[in-house]
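Visitor: The following block contains the structure, expressed as C-alpha cells.
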Amino acid sequence: MARAGRIEIQVDRDSCVGSGACALFEPDFFDQSEDDGLVLPRVRDAAPEALQALRVAAARCPARAIVLVPSEVQGNVAGDGPD
C-alpha cells in the first residue's frame, strides 16, 4: 500500500497489450517484461510531484492498464476527469 501523500501505481497486466508506451515515456516508473512484453511497474508508489508524469503515462497506455490512486483519497487520478 502507498504511504500517506504518495501516489499508488496499479497495473492490470491482464489488460496490457505490451505496446511499451509507459516504459518508453516514463522509464523511471515502468518497464516491460522480457518474457511477455507486458508492463512491469518499477515502483509501487511515487511522490506527489510525479503525478503529472504518471498521468501522461497512464493516458498514453492504449489499454488503459495503468491506474493511479492517491493514498489519502480513494479514486482514479489517471487524468480521465476534470482536475
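Visitor: May I ask you to verify whether Phe30 is under 11 Å from Ala57 (Cα atoms), touching a helix residue (DSSP H, G or I) at 6+ places or on another chain (Cβ under 9 Å) and buried (at least 16 other Cβ atoms within 10 Å of the Cβ)?
Guide: yes
Visitor: Residue by residue through the range 36-55, note down the ones that are within 18 Å of Val17 (Cβ to Cβ) and surrounded by fewer than 18 Cβ atoms within 10 Å (Cβ to Cβ).
Guide: The answer is Asp36, Gly37, Leu40, Pro41.
Visitor: So for the range 47-55 (the condition being touching a helix residue (DSSP H, G or I) at 6+ places or on another chain (Cβ under 6 Å) and without any contact (Cβ under 8 Å) to a residue 60 or more places away in the chain), does at least one residue qualify?
Guide: No, the conditions are met nowhere in the range 47-55.
Visitor: Please work out if Ser71 is of a type outside the set (Asp, Glu), at pLDDT 95 or above and over 12 Å from the mean Cα position of the chain (by Cα).
Guide: No.
Visitor: Among the candidates Gly79, Gly5, which residue alone is surrounded by 14 or more Cβ atoms within 10 Å (Cβ to Cβ), at positive phi and modelled with pLDDT under 95?
Guide: Answer to the check: Gly79.
The values are calculated or read from the model by the stated rules, or taken from the named source; none is laboratory data. Treat the numbers as computed from the prediction; the structure is a model and nothing was measured. Cβ atoms come from the backbone with ideal geometry, glycine included; neighbour counts cover every protein chain shown.
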